[in-house]
1. Can you tell me which residue is modelled with the highest pLDDT among those in segment 79-92 that are open to solvent by 30 Å² or more (accessible area, probe 1.4 Å) and farther than 14 Å from Ile130 by Cα?
2. Of everything in segment 93-107, what is open to solvent by 20 Å² or more (accessible area, probe 1.4 Å) and at pLDDT below 80? Give them in sequence order.
3. Tell me, yes or no, whether segment 93-101 has at least one residue that is part of a helix (DSSP H, G or I) and either more than 19 Å from Ile130 (Cα to Cα) or of a type outside the set (D, E, K, R) (or both).
4. Here is a list: Ile146, Ile152. Which entry is modelled with pLDDT under 85, assigned to a strand (DSSP E or B) and under 28 Å from Val118 (Cα atoms)?
5. Counting only residues that are open to solvent by less than 30 Å² (accessible area, probe 1.4 Å) and under 24 Å from Gly46 (Cβ atoms), how many does segment 114-164 have?
6. Taking segment 165-185 as the search range and keeping residues that are at pLDDT 90 or above and in contact with a helix residue (DSSP H, G or I) (Cβ under 7 Å, 6 or more places away or on another chain), which one is surrounded by the fewest Cβ atoms within 10 Å (Cβ to Cβ)?
7. Can you name the residue in segment 41-62 that is open to solvent by less than 60 Å² (accessible area, probe 1.4 Å) and over 14 Å from the mean Cα position of the chain (by Cα) and, of all such residues, is nearest to Ser115 (Cα to Cα)?
8. I need every pair where a residue in segment 30-51 that is within 30 Å of Arg154 (Cα to Cα) has its Cβ under 9 Å from the Cβ of a residue that is open to solvent by 70 Å² or more (accessible area, probe 1.4 Å), sequence separation at least 6 or different chains.
Amino acid sequence: MPIDLIHTHARQKGAVLVTTSILLVAILILGLVAIMVARSELKISGNLQYQTAALDQAETAVAAAETWLKTGTNFSKAAFTARGANDLHLYPAGHLNGSSSDRDPLRMSWNDNNSLAVASAGPRYLIERIASGKSIEGSSNDKTRINLYRIIARGESARGSVRFVQTIFSVRCFDVEQKLCSDYN
């Protein structure tokens, strides 16, 4: 018996069209969601790159501060005892206690009045002496003394992402007469 194609199509009344339209809309929605997820992931990875750049700058500033402390007698500067007009990036013990916004490294505005730039418009650091002339526990030489410093560095990326790095650094500070340690206690 031959199939009557005309009557078969008449009974369907557009079922294929409706089904195909629903599938196309579903595929369109999946495509839009995939594009939105890809954009979000791109933004996230870009932000991570800027945060990493800011952290790298802060670590560069810490390395510069450590190098500065190890050079000559920089560790014994008078600014570590009393703040003055020179060496504004150096602080006596307890000065950066966070009691006000100008003494809290996370809230203060970092500028030439309170920190030192590693390069022009680059990362900045400040140094606070925590202790001076402390003997090293377990040392066989009583004349070996150290000064302890807290170095805080701030790095900022091109997009404004800011990262801080804080470290404790010690400098051996003895001579035969213990002058460098005892003069600045």
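1. Leu88
2. Step one: of segment 93-107, the residues open to solvent by 20 Å² or more (accessible area, probe 1.4 Å) are 93-95, 97-104, 106-107.
Ala93, Gly94, His95, Asn97, Gly98, Ser99, Ser100, Ser101, Asp102, Arg103 - these are the residues of segment 93-107 that are open to solvent by 20 Å² or more (accessible area, probe 1.4 Å) and at pLDDT below 80.
3. Checked segment 93-101: no residue is part of a helix (DSSP H, G or I) and either more than 19 Å from Ile130 (Cα to Cα) or of a type outside the set (D, E, K, R) (or both).
4. Testing whether each residue is modelled with pLDDT under 85, assigned to a strand (DSSP E or B) and under 28 Å from Val118 (Cα atoms) leaves just Ile146.
5. Of the residues in segment 114-164, 6 are open to solvent by less than 30 Å² (accessible area, probe 1.4 Å) and under 24 Å from Gly46 (Cβ atoms).
6. Thr167
7. Filtering segment 41-62 for residues that are open to solvent by less than 60 Å² (accessible area, probe 1.4 Å) and over 14 Å from the mean Cα position of the chain (by Cα), the one nearest to Ser115 (Cα to Cα) comes out as Gly46.
8. Gly46/Arg159; Asn47/Arg159; Tyr50/Ala158; Tyr50/Arg159; Gln51/Arg163
The values are calculated or read from the model by the stated rules, or taken from the named source; none is laboratory data. Owing to the predicted nature of the structure, the values given are computational and were not obtained by experimental measurement. Methodologically, a virtual Cβ is constructed for each residue, glycine included, from the backbone with ideal geometry; neighbour enumeration extends over all protein chains shown. For the accessible areas, the whole protein counts, side chains as well, though only heavy atoms, and no ligand, DNA or RNA atoms are used. Shrake-Rupley method; radii C 1.70, N 1.55, O 1.52, S 1.80 Å.
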